Amino acid sequence: MLKQRIITAVVLAPLAIAAIFYLPLPIFGALLLSVMAIGAWEWGPLMGFARTKRRSSFVFASVALICVIWTLMPPETLWLAKGQLQQNAVYILWLAVVWWLLSALLTFLYPRFSSFWSSHRSIRGVFGWLTLIPTWLAFMVIRSSEYEADPYHGAQLIMFLFLMVWSADIGAYFVGKSIGKRKLMPNVSPGKTLEGFFGGIAFACVLVASVGKVIGWTAEQFAIVLLVTVIITTISVLGDLNESMFKRQAGVKDSGTILPGHGGVLDRIDSLTATAPIYALCYVLIGW
């Protein structure tokens with residue numbers, strides 16, 4: 001399994017990085033939309049949809065909602081003068097914050113109250129939209145930042161997000177495997193440990209600080225980015241636990257099989273769905 005994960009990552013990572021840096025903004029948005037569409041397809045079983053027709057309907061509705069946002073807030077117009085983001089985009093990012101706070105509560109209390117939301121497919125569908133749609137917008141907000149002045153600025157911001165999330169995931173995996181004993185949330189994900197959680201945060205902070213040292217950040221930049229790193233890496237665990245909770249409730253092991261060794265697209269982007277809106281909002285509010 002580990003070998004398959006590594007091979008898939010080695011193949012996909014360069015393609016993802018190339019897309020982030022070199023695809024024009026509209027094409028990048030379309031590619032990201034296709035990823036969200038696959039995610040919506042994989043969300044179908046989490047809603048109890050086994051039939052292709054019902055899953056396709058959810059995908060169509062999800063794509064339509066993103067297209068509405070795209071039409072009303074084209075990526076090239078998201079940022080106004082003086083680095084201000086369109087207010088409606090800010091509202092959607094804050095809506096994502098509210099959702100992830102609710103998600104955290106549901107995850108911490110699981111399986112209490114799960115009988116209510118699990119018995120209503122419409123509620124689980126709304127949960128899916130709140131997970132996927134702000135993610136698309138968040139990536140477009142980040143990627144389009146200062147796009148006219150520097151087409152690669154937003155791509156660098158996205159790579160820092162990936163660095164935080166991926167390094168925390170790697171650190172948590174190896175620390176948890178080596179010294180992990182105390183379970184983080186056994187009712188949701190028995191494999192995660194407190195040692196792995198804190199090890200992941202520490203590993204991400206060390207790696208980000210090392211990059212900052214090479215780039216030559218100021219003391220203020222170090223303070224801001226390390227604070228954001230702690231926030232993002234903590235939230236990334238929530239994204240993983242959130243999907244684990246929905247899969248456990250639905251009796252599903254993996255969200256799909258499209259990525260050998262990783263499962264489905266949702267299994268690969270679960271941490272990013274939680275972190276991308278928060279990361280974008282942090283950048284909007286405090287910058288660095």
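Only the coordinates and a few stated rules stand behind these numbers; no lab work does. What you see is a predicted model, and the numbers here were worked out from it, not measured in a lab. Note that each Cβ is placed from the backbone with ideal geometry, even for glycine, and that neighbours are counted across all protein chains shown.
So here's what we get for this one:
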item	result
Extension gain from Y91 to E146, taking 0.36 nm per residue of separation minus the Cα-Cα distance	17.8 nm
Likely footprinting exposure, V141, V98, V208, fewest C-beta neighbours within 10 Å first	V98, V208, V141
Packing-based exposure ordering (other Cβ within 10 Å, fewest first) of S210, S255	S210, S255
GNM result for the chain, Cα springs below 10 Å: residue of L137, L95, L241 fluctuating most strongly	L95
For the chain, calculated [θ]222 nm from helices alone, where every DSSP H run of n ≥ 4 adds -39500 (n - 2.57)	-26000 deg cm²/dmol
Residue of G171, G264, G216 that the Gaussian network model of the chain assigns the largest fluctuation, springs spanning Cα pairs under 10 Å	G216
Paramagnetic reach from L33 in region 102-138 [backbone N under 13 Å; point 7 Å along Cα→Cβ]	136-137
Given charges at beta-carbon only (K, R positive; D, E negative), |dipole| of region 2-285 in Debye	1180 debye
Cβ-based charge dipole, region 83-179, positive-most Cα from S103, V165, W117	W117
Options S145, T193, I269, ranked by Cα towards positive dipole end of region 2-285, top entry (Cβ charges)	T193
Estimated inter-spin distance, K253 and K53, nm [label 7 Å along Cα→Cβ]	3.0 nm
Other-chain or far-sequence residues with amide H under 5 Å of L85's (modelled H)	L80
Label corresponding to Cα extents along the principal axes in Å when calculated from the structure given, among [x] 52, 39, 37; [y] 57, 44, 42; [z] 49, 48, 35	[z]
The chain: most fluctuating residue of G251, G44, G239 per GNM, C-alpha cutoff 10 Å	G251
Taking S122, S236, S62, S34 and counting other C-beta atoms within 10 Å, the order from fewest to most	S122, S34, S62, S236
Pairs of lysine residues in the chain - Cα separation under 19 Å, sequence separation of 8 or more or cross-chain	7
Cβ-Cβ FRET estimate between K82 and A104, R0 fixed at 30 Å, reported to 0.05	0.35
Cα centroid separation, region 217-277 to region 172-188 (Å)	16 Å
Karplus 3J(HN,Hα) series, Hz, for region 101-114 with 6.51 cos²θ - 1.76 cosθ + 1.60 (x for Gly, Pro)	5, 5, 4, 4, 4, 4, 5, 5, 8, 4, x, 4, 6, 5
